[in-house]
1. When the Cα atoms of the range A:1-44 are enclosed in a convex hull and the volume is divided per residue, what value in Å³ results?
2. Taking a temperature of 10 °C and a viscosity of 1.306 mPa s, what whole-number D in µm²/s does Stokes-Einstein yield for chain B with Rh from Kirkwood over alpha carbon pairs?
3. If you place +1 on the Cβ of every Lys and Arg, -1 on the Cβ of every Asp and Glu, and leave all else neutral, what size is the dipole of chain B about its Cα centre, to the nearest 20 Debye?
4. Excluding residue B:95 itself, what net charge comes from residues whose Cβ is under 14 Å from its Cβ, given Lys and Arg +1 and Asp and Glu -1?
5. With all protein chains present, calculate the accessible area of residue A:47 using a 1.4 Å probe and round the result to the nearest 10 Å².
6. For A:108-120, what's the mean count of beta carbons from other chains sitting within 10 Å of each residue's beta carbon?
7. What list of ³J(HN,Hα) couplings, whole Hz, do you get for the range B:106-121 from phi and the Karplus terms 6.51, -1.76, 1.60, once you set θ to phi - 60° and write x for glycine and proline?
8. Along the Cα→Cβ direction, 7 angstrom out, place labels at residue B:29 and residue A:90. What is the inter-label distance in nm?
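The values are calculated or read from the model by the stated rules, or taken from the named source; none is laboratory data. Since the model is a prediction, treat every value here as computed from it, not as a measurement. Don't worry about glycine lacking a Cβ; one is built from the backbone with ideal geometry, like all the others, and counts go over all protein chains shown. To get the accessible areas, we keep the full protein, side chains included, count just its heavy atoms, and leave off ligands, DNA and RNA. Shrake-Rupley method; radii C 1.70, N 1.55, O 1.52, S 1.80 Å.
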Protein chains: 2
Amino acid sequence: MQIKNMIEEKNLKVTTARKELLEILSSEKKPLSFEDIKDKISMDKATFYRNISKFESESMVNSFESNDKKRYYEIQEFPHAHFICNGCSNIECLENAPLPKLDGYTIMDVIYKGMCKSCNATQ
Amino acid sequence: MQIKNMIEEKNLKVTTARKELLEILSSEKKPLSFEDIKDKISMDKATFYRNISKFESESMVNSFESNDKKRYYEIQEFPHAHFICNGCSNIECLENAPLPKLDGYTIMDVIYKGMCKSCNATQ
DNA sequence: TATGCTAATGCAACTAAGTTGCATTTAAGT
DNA sequence: ACTTAAATGCAACTTAGTTGCATTAGCATA
């Protein structure tokens, strides 16, 4: 069972809350906000934030804020860029767009903002 | 006086609060958070947010959230990428890095996250 | 399988960003 | 100067995220 292994690999205690949280994040293809998640979890929000924060420092989870001023969390399976549409506010994972290079910097995450394909088409 | 003109160009009323806010944003080279600004302004925070929101919809101001979970605002003179360092949390305006292209999308803003030059050097 | 230690959790209280309704004020055209 | 709609200040509110503390639950050891 991969969720349990993910936690053990980082030498973290395998708790019900952690399994539940990673289960939800990995079952969705899209980044989720706390609002998206809160009704699906049984843990307290303090536990949610403490675990998210631990997952982030262990590079298991990545987060960024979208146009709606909400923070979105996702499992960091492999680094990929995100596109946030200023038109429809949709978030897309650009799994085929390679992370760009920038001299002297190490780029670990990229967020593009603008108009997505369908908003451009129907503009 | 360019601040007054900036406001008039968008057919907005030239108020003390708007002039003050744009004055502060344009006097800094870096994006500023509400916390950075709040002690420098005399307007109420409701007025601050209402004006920021109006400026954003008129494309006079751009905003994004940083690693510290605070939103940063800046005058949008010309579009440019930002680099947020996961090490030192510093925000850099990459004025010479052109916005990348992405087929079918219109990219209006880019945020890179990772390690900046000096954090890479001293690591 | 029982024991014990530490980390994880739940709860409550808190902080701070951002929003909204409403009464008052002010910019700007006549 | 007069008028009117828009902008402002104030207060109350919502919600994300944090923190302290008492309790609980992993997990290693015996």
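1. Values: hull volume 3.7 nm³, N = 44.
Residue-normalised Cα hull volume stands at 83 Å³.
2. So the translational diffusion coefficient is about 101 µm²/s.
3. Values: 18 positive and 19 negative charges, 44 e Å.
The dipole magnitude comes to about 200 debye.
4. That sum, taken over residues with Cβ under 14 Å, equals -2.
5. 40
6. 6
7. Using θ = phi - 60°, the values come out as 10, 8, 10, 7, 9, 10, 9, 10, x, 10, 7, 3, 6, 5, 5, 5 Hz.
8. 4.0
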